[in-house]
Structure formats: structure tokens, C-alpha cells
Amino acid sequence: MGKLLMQCKLIVWDECTMAHKKSLEALNFKLKDLRRNNNLFGGLMILLVGDFRQTLPVIPRGTPADELNACMKASPLWNNVKTLSLTTNMRVQLRNDQSAAQFAK
């Protein structure tokens, strides 16, 4: 796994909003170590994908405040994240497009 991470140029983390902030911090620590690079995530680009209005990290017997404290936005690393938003719902826009329906088959 370490060799694979050394060769990566990009990591895509889908549904990252469900992960505990310590997961992000552990990834940062491990990539710095593996890649022998003290830049964030060992200099590797990380694409975090998710919706914070959906499921947050599960904290057994935790309160809503515990969940908010555990989410990635509570990590000091979050200050380095550039946030982008998708604004067009392509499913709705392409709903009646026959070429999109054909492509999906």
C-alpha cells in the first residue's frame, strides 16, 4: 500500500463528511512520513467530496455537539482546504436528453 501511495498524484475521498477529523489528520501524518515530504499530505493533492448537510461522523453515545467536533471542518487542517461547490443538478438538466440516456446504457 505504501508503494501505491508513493506513486499517487491525487487521492479522491468520497463521502469524506462521514469520516472523523482524526482520519484526515492520520492521512496527513502518514503521507508526510511515506513520501518524506513535510508539505500537507506529503505534497499530494487530496480531493475531499461530500455534503456536510448529510451524515456526519457517527460517535457512539455522542451528542450533536460531539458530532460537530468530530467532523473534518473542526480539524486544524481544514484551514488549508479550498472549498468548491457544484451548482448545477445534472440529473435534472439531462433528464430528457436522449444522448445522456444512451450514454448511460
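Some notes on this structure:
- Pair list, Cβ under 6 Å, 6 or more apart: the stretch 46-67 residue under 27 Å from Cys8 (Cβ atoms) and of a type outside the set (Lys, Arg), other residue part of a strand (DSSP E or B) and at pLDDT 95 or above: Ile46/Ile11; Leu47/Val12; Leu48/Trp13; Val49/Asp14
- The stretch 6-25 - residue that is exposed (fewer than 13 other Cβ atoms within 10 Å of the Cβ) and assigned to a loop (DSSP other than H, G, I, E, B) and, of those, farthest from the chain's Cα centre (by Cα): Lys9
- Subset of the stretch 24-37 [free of Cβ contacts under 8 Å to residues at least 40 places away in the same chain and under 12 Å from Leu77 (Cβ atoms)]: Ala26, Leu27, Phe29, Leu31, Lys32
Let's see how each residue does on (1) within 15 Å of the chain's Cα centre (by Cα); (2) more than 26 Å from Leu4 (Cα to Cα); (3) surrounded by fewer than 17 Cβ atoms within 10 Å (Cβ to Cβ):
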| position | (1), (2), (3) |
| --- | --- |
| Leu27 | yes, no, no |
| Lys30 | no, no, yes |
| Thr83 | yes, yes, yes |
| Asp97 | no, yes, yes |
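- Here Asn37 fulfils each of the conditions (1) out of contact with any strand residue (DSSP E or B) (no Cβ under 9 Å at 6 or more places or on another chain); (2) of a type in the set (S, T, N, Q); (3) part of a helix (DSSP H, G or I) apart from (3).
- Those residues of the stretch 49-75 which are under 17 Å from Lys22 (Cα atoms) and surrounded by fewer than 10 Cβ atoms within 10 Å (Cβ to Cβ), in sequence order: Pro60, Ala65
The values are calculated or read from the model by the stated rules, or taken from the named source; none is laboratory data. The shown structure was predicted, so the numbers you read here are calculated from the model rather than taken from an experiment. Cβ: placed from backbone, ideal geometry, glycine included. Neighbour counts: every protein chain shown.
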